[in-house]
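In what follows, a structure is listed as structure tokens, so that the remarks can point back to it.
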Amino acid sequence: MTQTQVYYASGRTAEYLSKIIHDLDVHRIFIVTGTNLYSLSGAKQVLEKTLEGLDVKYYHYPSPNPTIEDIRDSVEKSRAHNSQIIIGLGGGTAMDIAKATRAFVPNLGNPADYIINKNPFSNPSQQTLVQIPTTSGTGSEITQFAVVYIEGTKYSLDDPLLKAGYCILDPQLTTSMTPKLTVVTALDALSQAIESFWSIKSTEESRTSSMEALKLIAPRFEKLASELTLEDRDALLTASHLAGQAIGVTRTTAAHAISYSLTSKYDVPHGLAVALTLPSFFNFNYEVDAESNQDPRGVKFVREHIEIIAKSLETDSVNECVNWLKTTIDSFGISLRLRDYGIEQDIIENVIVPSFNEERGKNNPRKVTKDDLTKILLEIW
């Protein structure tokens, strides 16, 4: 598996990218980024001199979430360009498309067949993948999986070929985020850190990464919608990266598993879609018993580790932590009611519950039944 070289590069993105290009002696660069993001994030100005004289091709994806159409288009353009380096520059969508592009360029055939049928990649890539996040929430720069939406249904690619060779973490590239985007991406990082900590696949190493992420987020959470210093943004970007490291080991759990249809069908931003049910799953998982437990380490282990999460978020109990989460999210002007996102009550059981990603649900410490999901979703409707 590729070991990712991580550069903590506050204000030094150009320097580190120049080093990568020089060390690899490459000239053809393919950049996956949003339509306006390249300029708005400040990356265009920062990288202009570094990329001068090189053969650079840009793929500006049109969709807010990575779709199979985006990936086919990006792969075709990268093949035609004969790119030596692929750079994902942006949020999770940019980085997921960049990952998938690198994997599919040497592997011919219909990408949908690989994704839906989970066909393994047979050919290694000769391209180097460089990830440069401009948001502080997904942690996608460090993981070996990518989200892909096919006809509104969310699928996951999960393969070492999607692992980046390099990632550059520069908080200055996150300063253009709006207050709303800052909140939503931080909610995603918070959810990933929490879910990876209580996942049945957690390890001592993954829990260490999760805990470091939570300790960086906790003191900054309530001020997310206000003026953040560069130090705050650096902490949030680092926390997102650490949470990404953790879910790279554990994968996500129930809150993520139910979120995808809310994003694809109702346009609820991903981080917010996860946060809508996170407080509910906090209580749900803490009430685990011997019959519903899925973690081989036992009920006591699960409950103790959920209590550790609550303490890391500077609260004295699980109940206090749940109330703090709800109150703080509400203070951002964000509703935790499904009805406020145009979701009708009668589609919960027929549309949202059947979309639950059972593979991710199996990582949850407590078994989640359809009746459990329906009850949780109706309670927050």
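The values are calculated or read from the model by the stated rules, or taken from the named source; none is laboratory data. Remember, it's a predicted structure, so these values are computed and weren't measured experimentally. Here the Cβ is made from the backbone with ideal geometry for all residues, glycine too, and neighbour counts use every protein chain on show. For the accessible areas, the whole protein counts, side chains as well, though only heavy atoms, and no ligand, DNA or RNA atoms are used. Shrake-Rupley method; radii C 1.70, N 1.55, O 1.52, S 1.80 Å.
A few remarks follow.
- Here I86 qualifies as buried (at least 24 other Cβ atoms within 10 Å of the Cβ), touching a residue at least 40 places away in the same chain (Cβ under 8 Å) and of a type outside the set (G, A, S).
- Look at region 158-171: where a residue is at negative phi and a partner is crowded, with 24+ Cβ neighbours inside 10 Å and small (G, A, S), sitting 6+ places away or on another chain with Cβ atoms under 6 Å, you get L161/A103; L162/A103; L162/A146.
- Qualifying residue in region 309-325 (condition: assigned to a loop (DSSP other than H, G, I, E, B), in contact (Cβ under 8 Å) with a residue 12 or more places away in the chain, closer than 20 Å to F284 by Cβ and open to solvent by 30 Å² or more (accessible area, probe 1.4 Å)): no
- Among the residues of region 190-216, those identified as closer than 18 Å to L325 by Cα and free of Cβ contacts under 8 Å to residues at least 60 places away in the same chain are A193, S196, S210, A213, L216.
- Considered as a group, the residues in region 144-175 that are among the acidic types (D, E) and part of a loop (DSSP other than H, G, I, E, B) include one that is modelled with the highest pLDDT, and that residue is D170.
- Hits in region 250-260 (condition: open to solvent by less than 10 Å² (accessible area, probe 1.4 Å) and farther than 25 Å from T208 by Cα): I258, S259
- When region 199-210 is limited to residues that are touching a helix residue (DSSP H, G or I) at 6+ places or on another chain (Cβ under 6 Å) and assigned to a helix (DSSP H, G or I), the one that is surrounded by the most Cβ atoms within 10 Å (Cβ to Cβ) turns out to be S210.
- Of all residues in region 365-379, those that are open to solvent by 60 Å² or more (accessible area, probe 1.4 Å) have Cβ atoms under 6 Å from Cβ atoms of residues that are of a type in the set (V, I, T), 6 or more apart or on another chain, in K370/V353.
- Candidates A225, A239, filtered to the one that is buried (at least 21 other Cβ atoms within 10 Å of the Cβ), touching a residue at least 24 places away in the same chain (Cβ under 8 Å) and not charged (D, E, K, R): A239
- Boolean, R360 is surrounded by 15 or more Cβ atoms within 10 Å (Cβ to Cβ) and under 26 Å from S156 (Cα atoms): yes
- Pairs, first without any contact (Cβ under 8 Å) to a residue 60 or more places away in the chain in region 14-35, second of a type in the set (D, E, K, R) and open to solvent by 90 Å² or more (accessible area, probe 1.4 Å), C-beta under 6 Å, six or more apart: none
Here is a yes/no grid of residues against (1) exposed (fewer than 15 other Cβ atoms within 10 Å of the Cβ); (2) over 21 Å from the mean Cα position of the chain (by Cα):
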position: A14; (1), (2): no, yes
position: F30; (1), (2): no, yes
position: T50; (1), (2): no, yes
position: L54; (1), (2): yes, yes
position: P62; (1), (2): yes, no
position: N65; (1), (2): no, no
position: V75; (1), (2): no, yes
position: G92; (1), (2): no, no
position: N117; (1), (2): yes, yes
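- Filter pass, T263 being touching a residue at least 60 places away in the same chain (Cβ under 8 Å), open to solvent by 10 Å² or more (accessible area, probe 1.4 Å), touching a helix residue (DSSP H, G or I) at 6+ places or on another chain (Cβ under 7 Å) and not in a loop (DSSP other than H, G, I, E, B): no
- For E69: the one exception among (1) open to solvent by 80 Å² or more (accessible area, probe 1.4 Å); (2) at pLDDT 95 or above; (3) part of a loop (DSSP other than H, G, I, E, B): (3)
- Here N107 fulfils each of the conditions (1) closer than 26 Å to L51 by Cα; (2) open to solvent by less than 10 Å² (accessible area, probe 1.4 Å); (3) not in a strand (DSSP E or B) apart from (1).
- Criterion violated by L272 - all others in (1) assigned to a helix (DSSP H, G or I); (2) open to solvent by 40 Å² or more (accessible area, probe 1.4 Å) satisfied: (2)
- Sole residue being hydroxyl-bearing (S, T, Y), open to solvent by 10 Å² or more (accessible area, probe 1.4 Å), under 30 Å from G333 (Cα atoms) and touching a Phe, Trp or Tyr at 6+ places or on another chain (Cβ under 9 Å), chosen from T153, T135: T153
- L181 meets the conditions (1) assigned to a helix (DSSP H, G or I); (2) touching a residue at least 24 places away in the same chain (Cβ under 8 Å); (3) farther than 15 Å from G90 by Cβ in every case but one. The failed one is (3).
- The residue pairs whose first member lies in region 40-58 and is closer than 12 Å to V26 by Cβ, whose second member is at pLDDT 95 or above, and whose beta carbons are closer than 6 Å, counting only pairs six or more residues apart or on different chains, are L54/H27; L54/I29; D55/H27; D55/R28; V56/I29.
- Selected residue (only one of S18, S83, S39 is polar (S, T, N, Q) and part of a loop (DSSP other than H, G, I, E, B)): S83
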